[in-house]
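Notes for the one structure printed next.
Read-outs: derived from the displayed coordinates by stated rules, not from any lab. Everything numeric in this text was worked out from a predicted model, so none of it was measured. No Cβ is skipped: glycine too gets one built from the backbone with ideal geometry, and neighbour counts run over all protein chains shown.
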Amino acid sequence: MSLLDIADLTIGIPRGRATPLVIVENASLRLQPGEMLGLIGESGSGKTMLCRSLIGTLRRRGAAILSGRITLAGTDLAHTDEHAWRDIRGRRVGYVPQSALAGPNPVMTIAAQLREAILQGTPGTDVPARARELLDLVQIRRPERVLDQYPHQLSGGMRQRVMIACAIAGTPELLVADEPTTGLDVTVQAGIMQLLRDIRARLGTAIILVSHDLALVDDVCDRILVMHAGACVESVPANAAPRHPYTIALNRSRIELAEPGAPLLTIAGQPPSVGDWPPGCRFAARCSIAQPDCGLGPHPPLRGEAHANACLHPERAA
Ligand SMILES: Nc1ncnc2c1ncn2[C@@H]1O[C@H](COP(=O)(O)OP(=O)(O)OP(=O)(O)O)[C@@H](O)[C@H]1O
Ligand code: SF4
Ligand SMILES: [Mg+2]
């Protein structure tokens with residue numbers, strides 16, 4: 001059985017009597033226990049909103065689940081009230097929020113931040129012992145010293161390790177890390193990626209890793225879910241050749257594939273904005289193989305199991 005099953009999930013901003021502003025439409029994904037999934041897509045494609053639906057914080061952005069299902073090991077997360085979320089958030093689902101580097105409370109020591117996370121994740125625990133254990137787990141040396149420090153006294157990489165320690169304090173089944181390496185330099189990024197792999201290996205945690213970096217997720221994840229303008233367009237096993245024209249274009253624009261001296265390949269145009277989605281496939285205006293039927297009807301759904309694709313003309317894509 002899947003650990004996480006998201007089916008036809010639509011997220012939007014309710015607007016009273018007016019039609020809600022849809023931000024994510026008919027998203028579907030399945031995650032096995034211990035699986036590591038990369039979630040990629042251009043800015044504004046709905047990655048963070050999808051993540052927020054897994055920890056019950058959509059409302060803080062004025063958003064809500066409009067339809068669809070989210071099931072975490074038998075628990076319905078799509079119809080969970082705030083009281084029930086308190087038993088899930090931090091305990092069953094850990095979260096490293098986007099911009100977590102700016103996130104740690106600047107006036108709280110690391111010990112105080114970990115204490116909060118530990119009491120939320122595993123009430124009744126010996127807090128100081130668990131705090132040291134968590135810092136050890138995220139491979140922070142000299143934990144005693146770090147515990148007394150404030151976030152501004154730590155490097156970006158160390159701060160991110162502390163945020164990850166807070167997110168796994170309750171030994172969740174699922175860890176959602178929203179762009180945990182953005183803003184860090186390349187070697188520090190590699191260390192954080194290795195840490196996530198170690199956590200998965202040691203604790204069996206399933207991980208959703210949000211990133212803009214296709215090469216990075218290809219390297220560390222088992223599978224990649226690609227979003228474009230609020231829709232899931234491809235679910236592709238890592239290192240498999242992509243089949244959706246958008247993923248193919250993302251793959252071709254990878255910086256490490258650029259020829260020395262040659263201009264970088266980019267994807268022409270911009271994704272359509274929320275509230276301004278055209279009918280049919282939302283990639284059509286940017287797609288070099290678009291056909292007349294691509295702009296008709298609803299957005300094409302993901303089709304397929306191990307390698308799912310939402311393109312209507314996969315045979316033309318190469
Ligand atoms: N309260 C809101 N009202 C209107 N639009 C919103 C609201 N919150 C988010 N959006 C829009 O929803 C879209 C998806 O936002 P989201 O933060 O999920 O994108 P993302 O894929 O995480 O982007 P990034 O890579 O920049 O983090 C964006 O276009 C955003 O502007
Ligand atoms: S459905 Fe049509 S427009 Fe969309 S990616 Fe496939 S070929 Fe391109
Ligand atoms: Mg985001």
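Worth a mention:
- Under Karplus coefficients 6.51, -1.76 and 1.60, residue-wise ³J(HN,Hα) of segment 301-312 in Hz, glycine/proline x: x, 5, 10, x, 9, 4, 10, 9, 9, 9, 7, 6
- Measuring nothing but how far apart in sequence close Cα pairs (under 8 Å, 6+ apart) lie, relative to its length, the chain scores a relative contact order of 20 percent.
- Amide H contacts of Met227 (H built 1.01 Å from N, in plane; Pro and chain starts excluded): Ile40, Gly41, Val233 sit under 5 Å, all sequence-distant by 5 or more or on other chains.
- Taking the DSSP beta bridges with both ends in the chain, the antiparallel portion is around 60 percent.
- Residues whose amide H comes within less than 5 Å of that of Val176, counting only those at least five positions distant or on another chain, are Gly94, Tyr95, Val96, Ile208 (H built at 1.01 Å from N in the peptide plane).
- Rounded, prolate or oblate (a/c below 1.5 giving rounded, otherwise prolate when a/b exceeds b/c) for segment 202-259 by Cα gyration tensor: oblate
- Mean separation of Cα contacts under 8 Å (6+ apart) over length of segment 16-162, as relative contact order %: 17 percent
- Ordering Met193, Met49, Met163 by the number of other Cβ atoms within 10 Å of each residue's own Cβ, fewest first, gives Met193, Met49, Met163.
- Rounded to the nearest Hz, the phi-derived 3J(HN,Hα) couplings of segment 82-98 under the Karplus curve 6.51 cos²θ - 1.76 cosθ + 1.60 (θ = phi - 60°) are 4, 4, 5, 4, 4, 8, 9, 4, x, 9, 9, 10, x, 9, 9, x, 4, where x marks glycine and proline.
- Two-site FRET efficiency, Asn239 against Arg17, from Cβ-Cβ distance with R₀ of 35 Å, rounded to 0.05: 0.10
- Built amide H within the under 5 Å cut-off of Met36, gap 5+: Ile207, Asp222, Arg223
- Each residue of segment 190-195 is assigned a 3J(HN,Hα), and the resulting list reads 4, x, 5, 4, 4, 4 Hz, derived from the Karplus form 6.51 cos²θ - 1.76 cosθ + 1.60 (θ = phi - 60°), x at Gly and Pro.
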